[in-house]
1. State to the nearest 20 debye the size of the charge dipole of the chain about its Cα centre, where the only charges are +1 on K and R beta carbons and -1 on D and E beta carbons.
2. Longest exposed-loop-site-free stretch of the chain, with trypsin sites (Lys or Arg not before Pro), DSSP loop and at most 16 other Cβ within 10 Å?
3. Take the Cα atoms of the chain, find their three principal axes, and give me the spread along each one in whole Å, biggest first.
4. Roughly how many Å² is the accessible area per residue of the stretch 6-49, as a whole number, for a 1.4 Å probe?
5. Taking all protein chains in place and a 1.4 Å probe, what share, in percent, of the accessible surface of the chain do carbon and sulfur account for?
6. What's the local net charge at Ala37, with K and R +1, D and E -1, over the other residues with C-beta under 11 Å away?
7. Which residue, Phe24, Gln10, Pro63, has the largest displacement toward the positive end of the dipole of the chain when charges sit on each Cβ (Lys, Arg +1; Asp, Glu -1)?
8. Grab the DSSP H runs of the chain that are 4 residues or longer, score each as -39,500 (n - 2.57), total them, divide by all residues and round the 222 nm result to the nearest 500 deg cm²/dmol.
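The values are calculated or read from the model by the stated rules, or taken from the named source; none is laboratory data. Because the structure is a prediction, the values reported are computed rather than measured. Quick reminder, even Gly has a Cβ in these numbers, built from the backbone with ideal geometry, and neighbours come from all protein chains shown. Accessible surface areas use protein heavy atoms only, side chains included; no ligands, DNA or RNA. Shrake-Rupley method; radii C 1.70, N 1.55, O 1.52, S 1.80 Å.
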Amino acid sequence: MSTALAPADQLLYTPEEAATVLRFGRSTVYELMAEGALKYVKRGRSRRIRRSDLEAYVNSLEPMPN
């Protein structure tokens with residue numbers, strides 16, 4: 001039996017994991033973090049993105065007009 005959490009159950013994501021969840025490139029996630037569009041927490045040299053911040057970012061996106 002695996003003790004690993006399913007992606008939906010994770011509380012914190014690495015930028016690489018966040019890129020996979022968002023279906024963006026890794027460099028795009030780092031750009032979003034640098035410009036402040038995607039919040040993150042930093043512990044030492046590690047950056048992690050909270051699931052709630054990923055959801056907030058997605059909810060803030062405006063759909064393209066038809």
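1. 360
2. It works out to 1-22.
3. 48, 29, 19
4. On a per-residue basis, 72 Å².
5. Exposed carbon and sulfur together represent 51 percent of the surface.
6. Overall, the nearby charge balance is -2.
7. About the Cα centre, the residue reaching furthest to the positive side is Gln10.
8. For the chain, the value works out to -12000 deg cm²/dmol.
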